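A short write-up of the structure that comes next.
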Amino acid sequence: MSAPTTSAAKSTSVAKRLRGPRESLFSRAGAMLVMAICTFYFLVPIWWLFVAATKDRSDFISSAPLWFADFNLFQNIADLASYRDGLFFQWMLNSVLYAGAGAAIATLFATMTGYALAKYAFRGRETIFNIILGGVLVPATALALPLFLVFSQVGATNTFWSVFLPSLVSPFGVYLARIYASSSVPDELVEAARIDGSGEVRTFFTVSTRLMMPAMVTIFLFQFVTIWNNFFLPLIMLRDEELFPVTLGLYIWNSQVSQIPEIRALVIIGALLSIIPLIIAFLGLQRFWRSGLGTGALK
Amino acid sequence: MANRIGRAGGALMLVSVLALSACSSGAGTDGGTDAAACAPSEGPVTLNFTTWLPGMEDAVAIWNEKNPDIQVEVQTGPNGNGGTYKNFFNQIEAGNAPDLGQIEYDALPNFRVQDGVVNIADCAGVMDAQDQFIDWTWSQVTFGEDNAVYAIPQDTGPEALFYRADLFEKAGIAIPTTWDEYAEAAKKIRAEGGYITNFSQSDINAFAGLVWQADGQWFQNDGTAWDVTLDSPESAKVAEYWQGLLDDDLVATLPPWTDEWNNGYNSGEVWSWVSAVWGANTITSGAPDTAGNWAVAPMPQWNAGDSAAGNWGGSSTAVLKGSEHPYEAAQFALWLNTDPEALTSMNKTANIYPATKAGGDLPAFSEGLDFYGGQNIYDVFAEAGAQVNPDFTWGPTMTQTYTDVADGFSAAISGSGTLMDALKSGQQKTIDAMKAAAIAVNE
């Protein structure tokens with residue numbers, strides 16, 4: 001899919017640039033400058049994190065913050081792996097599970113809901129949609145405490161489910177799925193499937209989801225990042241170290257730095273490792289995601 | 001369950017108005033003092049214990065092995081003000097708080113006022129344990145009430161002066177024993193290109209430790225209502241002293257606990273630090289290049305010949321409201337904070353300095369440290385611990401007070417306003433916050 005598409009995209013953009021009005025050198029330089037500053041601004045913290053993670057403790061304090069001293073990255077990773085029997089990797093695994101499985105199921109739910117709202121006319125459809133839209137406006141932190149009280153009632157705090165279940169809903173995903181379904185899944189195609197004898201469920205899974213794939217990837221990515229970065233809900237719900245996602249675990253270690261300053265180095269190397277899955281998710285999924293948004297725009 | 005939440009909410013209001021009025025009278029209206037509530041449970045018991053001390057599992061494992069019928073499970077949270085206190089209050093409201101929780105002395109009055117901790121005075125052995133603890137730590141957990149103990153003291157932070165012995169000697173500056181000498185030394189050190197110390201804009205509890213040493217009080221409870229005296233004469237004396245050093249650029253103002261700050265000490269730019277016993281470890285790991293050059297002396301005094309010490313930090317183990325096994329929880333808390341094996345374990349994993357009188361005799365504190373030129377620095381701290389004013393009281397809204405005063409201190413350091421202004425506005429905001437929480441305040 002990738003090779004022909006990208007080259008085609010390139011040739012059209014070249015053609016467009018030749019045909020369009022020429023930008024002045026000044027405005028172009030200005031735009032480049034703004035972009036360069038932004039890029040710099042976003043990349044410097046990651047660069048710092050990477051450099052800091054390669055240093056041992058005394059170099060960390062005394063050497064230049066943005067350049068390497070002795071290269072200790074692998075030693076630091078080994079220290080991290082041995083500290084508290086590799087608890088950090090348990091946290092990474094938990095995060096992958098919370099974010100990966102949570103985002104996958106949330107995507108399925110959001111897609112089904114959005115598709116139903118787009119393709120079936122029923123009483124109260126707009127009301128339901130508006131209520132879901134209202135959900136986009138409620139910040140997750142505002143819901144954390146009520147959720148805690150609810151889970152307390154059923155005795156389910158400090159369990160895997162107390163963090164996993166609330167991640168399964170994505171009002172924004174429903175919104176996106178509805179918009180996308182109404183523009184990319186033609187009614188005629190659904191009709192044709194029905195005439196061919198396909199049931200609604202089968203039509204959804206065999207025909208519609210394929211057309212909606214770019215939207216689904218987008219929803220997945222958004223939800224994955226949201227769950228991965230979610231910190232407040234686990235903070236309130238979880239007490240058991242074995243259940244922590246990596247964000248909460250690192251926060252707690254960081255708050256122990258005043259007791260054991262040596263942990264500082266582990267927090268930094270841990271922070272570096274914890275962003276790797278996010279980078280992988282973005283790089284791996286971005287071409288699906290971008291081409292999806294692109295085709296949506298052309299229509 | 002819903003009923004319970006309602007009651008907790010109502011109790012919160014009621015207790016804050018009424019309970020503290022029972023402080024001096026010792027009347028039994030404050031709830032929680034219930035002898036029957038502290039009977040041993042039947043059968044095996046499992047207790048939950050939430051803490052942020054790294055490696056607490058090790059100490060608990062020793063207990064679990066010896067007490068098959070009272071098993072303790074450790075749960076972890078961020079440090080108190082970093083989220084664990086908030087969680088405790090949420091859990092108390094929801095009725096599923098852990099049996100035991102770690103609470104710092106400065107936060108304990110807040111739990112007391114909101115009826116979040118159990119009075120374990122009637123549990124066997126608790127009252128008798130008083131003599132084992134350093135006097136001022138015991139008054140931190142009883143609030144001077146009769147027949148009341150709201151937590152078992154765990155660790156303390158007696159203060160002393162950490163200084164660069166090599167630099168002081170090379171520059172021919174005597175180790176200051178009074179604050180006047182300290183200010184004189186500060187001028188000489190500035191002339192050498194260094195700073196005598198760093199003034200922290202955000203560690204308000206460190207500043208409170210200095211006021212504590214000067215015999216000042218920030219909060220007092222007269223039995224019916226709170227007095228708030230952040231601007232007391234003693235407090236003003238300390239604020240004006242440091243304001244003078246700041247005005248003359250004699251102290252550094254690096255943001256505390258950052259790399260910059262570590263580097264200030266590591267590079268020899270900053271020469272001394274009045275800090276608590278646990279600060280020893282902060283310097284060791286923050287300034288590794290200066291190993292062997294540090295030493296510890298008693299805090300500078302306001303009057304020559306005095307021997308008062310301040311305190312910075314320290315926490316306790318409390319039995320939280322809603323625990324079904326207060327007796328067992330109290331037994332564990334007592335053991336954890338008095339047993340030599342437990343104290344040694346906590347010292348090893350979390351650098352805890354015990355609150356018991358005998359704690360200072362542990363083998364861990366009887367050796368000279370290479371980082372401090374072979375000096376046994378814990379002798380100095382053990383002495384300081386005995387010189388801390390036992391009557392210092394924390395207020396019920398410390399988190400808020402810290403934030404308000406820290407805002408003012410930051411402003412003072414960047415040149416707008418003074419430390420005294422910060423204390424005055426902190427004073428007013430604290431009174432407002434207490435009123436908003438329906439806590440009686442004298443004005």
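What shape does the stretch B:316-433 take by its C-alpha gyration tensor, where a ≥ b ≥ c are the square roots of the eigenvalues and a/c under 1.5 counts as rounded, a/b above b/c as prolate, and the rest as oblate?
Here the stretch B:316-433 falls in the oblate category.
Most mobile of B:SER235, B:SER345, B:SER414 per a Gaussian network model of chain B (Cα springs, under 10 Å)?
Maximum among the listed residues: B:SER414.
Report, in cubic angstrom per residue, the convex hull volume of the C-alpha atoms of the stretch A:157-299.
132 Å³
Taking beta carbons within 10 Å but only from partner chains, what does the mean come to for residues B:254-260?
What the average comes to for B:254-260 is 2.
Going by accessible area, probe 1.4 Å, with all protein chains left in place, what is the ranking of A:LYS119, A:LYS55, largest first?
So the residues, ranked largest to smallest area, are A:LYS119, A:LYS55.
Let me confirm the definition first: pairs of Lys residues in chain B, 8 or more apart or on different chains, C-alpha distance under 22 Å. How many are there?
For chain B, qualifying lysine pairs total 11.
Say each of B:ILE62 and B:GLU443 gets a label point 7 Å from the Cα, pointing the same way as Cα to Cβ; how far apart are those two points in nm?
Each label point is offset 7 Å from its Cα along the Cβ direction, giving 5.2 nm.
At a probe of 1.4 Å, how much accessible area disappears from chains A and B on forming the pair, both sides counted, to the nearest 100 Å²?
Counting protein atoms only, the buried area is about 2600 Å².
Rounded to the nearest Å, what's the spacing between the alpha carbon centres of the stretch A:183-201 and the stretch B:121-158? Just the number, please.
Going from one Cα centre to the other spans 75 Å.
Of the heavy-atom accessible surface of the protein assembly as shown (probe 1.4 angstrom), what whole percent is carbon and sulfur?
60 percent
With the contact rule set at Cα under 8 Å and sequence spacing of 6 or more, what percent relative contact order holds for the stretch B:224-345?
Across the stretch B:224-345, relative contact order equals 14 percent.
Restricting things to alpha carbons, tell me how big chain A is in terms of Rg and Dmax, in Å.
In Å, with Rg to one decimal and Dmax whole: 23.8, 74.
Other chains near A:253-264: what is the mean number of their Cβ atoms within 10 Å of each residue's Cβ?
6
In terms of modelled amide H atoms, which long-range or inter-chain residues lie less than 5 Å from the amide H of B:LEU161?
Hits under the 5 Å cutoff: B:ALA297, B:MET299.
Using heavy-atom solvent-accessible surface (probe 1.4 Å) with all chains present, what is the largest-first order of B:GLU57, B:GLU260?
Order by accessible area, largest first: B:GLU260, B:GLU57.
If you place +1 on the Cβ of every Lys and Arg and -1 on the Cβ of every Asp and Glu, how big does the dipole about the Cα centre of chain A come out, in debye to the nearest 20?
1280 debye
If one takes the longest principal axis of the Cα atoms in chain A, at what angle in degrees, from 0 to 90 and to the nearest 10, does the Cα axis of helix A:213-229 lie?
30 degrees
What do you get for the angle between helix B:179-191 and the principal long axis of chain B? Use alpha-carbon atoms, 0 to 90 degrees, nearest ten.
Between the helix axis and the principal axis of chain B, the angle is about 50 degrees.
When chain A is modelled as a GNM with alpha-carbon springs shorter than 10 Å, which of A:ALA53, A:ALA69, A:ALA265 fluctuates the most?
In this elastic network of chain A, the residue with the biggest mean-square fluctuation among A:ALA53, A:ALA69, A:ALA265 is A:ALA69.
Across peptide A:199-211, what mean number of C-beta atoms from other chains lies inside 10 Å of a residue's C-beta?
For this peptide, the per-residue mean of nearby foreign Cβ atoms is 0.
Round to the nearest 10 and give me the degree value, 0 to 90, for the angle of helix A:102-119's Cα axis relative to the longest principal axis of chain A.
Once rounded, the angle reads 20 degrees.
Averaging sequence separations of C-alpha pairs under 8 Å and six or more residues apart, then dividing by the length of the stretch A:32-152, give the relative contact order as a whole percent.
12 percent
Take chain A, mark every one of the chymotrypsin sites (Phe, Trp or Tyr not before Pro) that falls in a DSSP loop and has at most 13 other Cβ within 10 Å, then report the longest stretch left between them, sites excluded.
A:123-299
If you place +1 on the Cβ of every Lys and Arg and -1 on the Cβ of every Asp and Glu, how big does the dipole about the Cα centre of the protein assembly as shown come out, in debye to the nearest 20?
Dipole magnitude for the protein assembly as shown comes out near 5360 debye.
Short version: ³J(HN,Hα) in whole Hz for each residue of the stretch B:305-316, in order, from phi by Karplus 6.51 cos²θ - 1.76 cosθ + 1.60 (θ = phi - 60°), x for Gly and Pro, what are they?
Whole-Hz 3J(HN,Hα) from phi for the stretch B:305-316: x, 5, 8, 9, 10, x, 9, 9, x, x, 9, 9.
Mind checking the dipole of the stretch B:311-397: about its Cα centre, +1 per Lys or Arg Cβ, -1 per Asp or Glu Cβ, Debye to the nearest 20?
240 debye
Toward the positive end of the charge dipole of chain B, about the Cα centre and with charges on Cβ (Lys, Arg +1; Asp, Glu -1), which of B:GLY144, B:LEU343, B:THR253 goes farthest?
B:THR253
What's the extension gain from A:GLU23 to A:ILE276 if we count 0.36 nm per residue and subtract their Cα-Cα distance?
That pair, A:GLU23 and A:ILE276, stretches by 87.2 nm at full extension.
So if I take the centroid of the Cα atoms in the stretch B:394-443 and the same for the stretch A:82-120, what is the distance between those two points in Å?
Comparing the Cα centres of the stretch B:394-443 and the stretch A:82-120, I get a distance of 44 Å.
For chain B, what value does the Rg/Rh ratio take when both radii are computed over Cα atoms and Rh is the Kirkwood radius, given to two decimals?
0.97
Accessible area per residue for the protein assembly as shown in Å², computed with a 1.4 Å probe and the full protein assembly in place, what is it?
45 Å²
B:ASP222's amide H: which non-local residues (gap 5+, or another chain) put their own amide H closer than 5 Å, with H modeled 1.01 Å from N in plane and none for Pro or chain starts?
Amide H to amide H, under 5 Å and 5 or more residues apart or across chains, B:ASP222 pairs with B:ASP227.
If I build a Gaussian network model for chain A, linking alpha-carbon pairs within less than 10 angstrom, which residue out of A:THR39, A:THR209, A:THR157 has the largest mean-square fluctuation?
A:THR39
In what order, largest first, do A:ILE128, A:ILE275, A:ILE263 sit by accessible area if the probe radius is 1.4 Å?
From most exposed to least exposed: A:ILE128, A:ILE275, A:ILE263.
So what's the gap between the Cα centers of the stretch B:207-242 and the stretch B:267-341, to the nearest angstrom?
21 Å
Using only the alpha carbons of the protein assembly as shown, determine the length spanned along each of the three principal axes and report them from longest to shortest in whole angstroms.
97, 68, 52
Between A:CYS38 and B:LYS237, how high is the FRET efficiency from 1/(1 + (r/R0)^6) when r is the Cβ-Cβ distance and R₀ = 60 Å? Nearest 0.05.
The calculated FRET efficiency here is 0.75.
The values are calculated or read from the model by the stated rules, or taken from the named source; none is laboratory data. Keep in mind it's a predicted model, so treat the numbers as computed, not measured. Neighbour counts run over all protein chains shown; Cβ positions are idealised from the backbone, glycine included. Heavy atoms of the whole protein, side chains included, go into the accessibility calculation; ligands, DNA and RNA do not. Shrake-Rupley method; radii C 1.70, N 1.55, O 1.52, S 1.80 Å.
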